[in-house]
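One structure below.
The values are calculated or read from the model by the stated rules, or taken from the named source; none is laboratory data. Keep in mind that what you see is a predicted model, and the values were worked out from it rather than measured. Ideal geometry is used to build each Cβ from the backbone, glycine not excepted, and the neighbour counts take in all protein chains shown.
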């Protein structure tokens, strides 16, 4: 056996011994323990079944006599949900005393009705899973509830995506399926089969739904439900036209509100902001995507350069984009990624395929945007926008990689009273200069991850400024790669 296997086996034996000293008995299968735990003064028998991978995976705990409610804190087979995945980092169930204490806590909370219960929106785990790998995606469901709906099937390699929308399914359309969208309302406990769903819907609606499934008119039932005012849905597939054999598949909402859930807490404020991003090279292209993903409502992308083959290693561009203006490429990538629809892009993404060079254009850009970000790393352009920011008293952030790509530097302008920027950094003694034919300037040796780090720092400063936290100092310097003539650490700068 390996060292890891020996350690796991030892923990398993210690756990079994710990339960046995507390009155549990190990059954003949050598992995199931049966014993009583004192719950509110009463001995309640519990069965603790160890998985083959225990303690890496959680044991399955059940109450043979059925005590406890059928709440969201039980699996579909009746076993108790004792630990969430967020609590699993140190395998807390591997200790016998902790296990018994957690079971006692579960019963106490169950008796109290699970007050302050976090509303996990995972109804599908209480239904039998379908055999086929299917993802049902849907728009906002309220306008579709009770209406004629259909799903179009797309094959994505070995996975099927069923896209729900309004409309009728015509005969002999193999790529289409009939859909019924129903509303089960607030669920205090999960519904686990068609009979329980029918109780939530009422006799008339459930009879119509059952008939539609049996007649083959409906192949997908999308069930809307709420938990503590949080909206969710589960998709059930009728593979054999039998309502009692519905199976659950993965379900996801495709609307903007779902995209914004993972955009960060600043997204609602940033949605009303307009940024001009000057320079769409390695750092700028990554920064543009980060800003859109973070919720920025509109951007003007400014760059007069085109994509060269060598750019593609650090840029969002691919070799298929060679010869196209960098700003145009970034706009296209944002649309292709689905971050902004093609219809909305005309108002939210503006391309200016010439670099800033004159005072009139620069002033216009500053006056039309909430923030300008200079990611050019070009001294004349940076001098122009810094001068404009100071004279117009308009916000600016500059971001660049210095010292051969080993340092990311971000500065904001104009300075507030009493503020100063950090001094310019001296060049690195060990700086390596790279050259490419056709390029007048040397090529930065910065690795792609350093470009991403600089972009992330600039995005953070932009969000801080636009939402009004103002917690960032006027200069942030991050040492990304330590050189022999080392810089101070970022925390001390």
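Just one of the listed residues (148, 156, 109) is over 25 Å from residue 19 (Cα atoms), modelled with pLDDT of 90 or more and either in contact with a strand residue (DSSP E or B) (Cβ under 9 Å, 6 or more places away or on another chain) or surrounded by 13 or more Cβ atoms within 10 Å (Cβ to Cβ) (or both), and it is 148.
Can you tell which of 379, 320, 311 is without any contact (Cβ under 8 Å) to a residue 60 or more places away in the chain, over 19 Å from residue 273 (Cβ atoms), surrounded by 20 or more Cβ atoms within 10 Å (Cβ to Cβ) and in the same structural domain as residue 424 (by TED's automatic domain parsing)?
311
Filter the range 232-244 for residues that are in contact (Cβ under 8 Å) with a residue 40 or more places away in the chain and surrounded by fewer than 16 Cβ atoms within 10 Å (Cβ to Cβ); which is farthest from the chain's Cα centre (by Cα)? Here the answer is 244. Listed by position, the helices (runs of 4 or more DSSP H) contained in the range 283-396 that have at least 3 residues being within 26 Å of the chain's Cα centre (by Cα) are 326-336, 342-348. In the range 353-372, the condition of being modelled with pLDDT of 95 or more, crowded, with 20+ Cβ neighbours inside 10 Å, more than 22 Å from residue 449 (Cα to Cα) and out of contact with any strand residue (DSSP E or B) (no Cβ under 7 Å at 6 or more places or on another chain) is met by at least one residue. Is one or more of the residues making up the range 394-406 out of contact with any strand residue (DSSP E or B) (no Cβ under 8 Å at 6 or more places or on another chain), buried (at least 20 other Cβ atoms within 10 Å of the Cβ) and closer than 18 Å to residue 458 by Cβ? Within the range 394-406, one or more residues are out of contact with any strand residue (DSSP E or B) (no Cβ under 8 Å at 6 or more places or on another chain), buried (at least 20 other Cβ atoms within 10 Å of the Cβ) and closer than 18 Å to residue 458 by Cβ. Filter the range 202-227 down to the residues that are touching a residue at least 60 places away in the same chain (Cβ under 8 Å), over 26 Å from residue 132 (Cβ atoms) and more than 22 Å from the chain's Cα centre (by Cα) and list them by number. Within the range 202-227, none qualify. Of the numbered criteria (1) over 30 Å from residue 218 (Cβ atoms); (2) touching a strand residue (DSSP E or B) at 6+ places or on another chain (Cβ under 6 Å); (3) modelled with pLDDT of 95 or more, the one residue 101 fails is (2).
Of everything in the range 72-101 that is part of a helix (DSSP H, G or I) and surrounded by 14 or more Cβ atoms within 10 Å (Cβ to Cβ), the residue that is nearest to the chain's Cα centre (by Cα) is 92.
All but one of (1) at pLDDT 95 or above; (2) surrounded by fewer than 16 Cβ atoms within 10 Å (Cβ to Cβ) hold for residue 18; state the number of the condition that does not hold. Unmet condition: (2).
How many residues does the range 199-217 hold that are within 24 Å of residue 73 (Cβ to Cβ) and out of contact with any strand residue (DSSP E or B) (no Cβ under 7 Å at 6 or more places or on another chain)?
Here the count works out to 1.
Hey, among 249, 269, which residue is touching a residue at least 60 places away in the same chain (Cβ under 8 Å) and either more than 24 Å from the chain's Cα centre (by Cα) or surrounded by fewer than 17 Cβ atoms within 10 Å (Cβ to Cβ) (or both)? Only one candidate qualifies: 269. Within the range 170-189, if we keep just the residues that are within 19 Å of residue 74 (Cβ to Cβ) and not in a loop (DSSP other than H, G, I, E, B), the residue that is modelled with the highest pLDDT turns out to be 184. Taking the range 170-191 as the range and being surrounded by fewer than 17 Cβ atoms within 10 Å (Cβ to Cβ) and under 28 Å from the mean Cα position of the chain (by Cα) as the test, the residues that pass are 185, 186, 188, 189. Scanning the range 232-257 for residues that are in contact with a helix residue (DSSP H, G or I) (Cβ under 9 Å, 6 or more places away or on another chain) and part of a strand (DSSP E or B) turns up 232, 233, 234, 235, 236, 248, 249, 250, 251, 252.
Conditions (1) without any contact (Cβ under 8 Å) to a residue 12 or more places away in the chain; (2) in contact with a helix residue (DSSP H, G or I) (Cβ under 8 Å, 6 or more places away or on another chain), marked per residue:
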site	(1), (2)
55	no, yes
86	yes, no
104	no, no
137	no, no
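For the condition at negative phi, touching a helix residue (DSSP H, G or I) at 6+ places or on another chain (Cβ under 8 Å), at pLDDT below 95 and assigned to a loop (DSSP other than H, G, I, E, B), what is the one hit in 192, 260?
192
Screening the candidates 7, 69 for the property of being surrounded by fewer than 17 Cβ atoms within 10 Å (Cβ to Cβ), more than 30 Å from residue 191 (Cβ to Cβ) and at pLDDT below 90 yields one hit, 7.
Filtering 249, 283, 269, 278 for residues that are closer than 28 Å to residue 143 by Cα and in contact with a strand residue (DSSP E or B) (Cβ under 9 Å, 6 or more places away or on another chain) leaves a single hit, 249. Tell me whether the range 112-124 contains one or more residues that are at pLDDT 90 or above, out of contact with any helix residue (DSSP H, G or I) (no Cβ under 7 Å at 6 or more places or on another chain), surrounded by fewer than 17 Cβ atoms within 10 Å (Cβ to Cβ) and part of a helix (DSSP H, G or I). Looking for residues that are at pLDDT 90 or above, out of contact with any helix residue (DSSP H, G or I) (no Cβ under 7 Å at 6 or more places or on another chain), surrounded by fewer than 17 Cβ atoms within 10 Å (Cβ to Cβ) and part of a helix (DSSP H, G or I), one finds none in the range 112-124, hence no.
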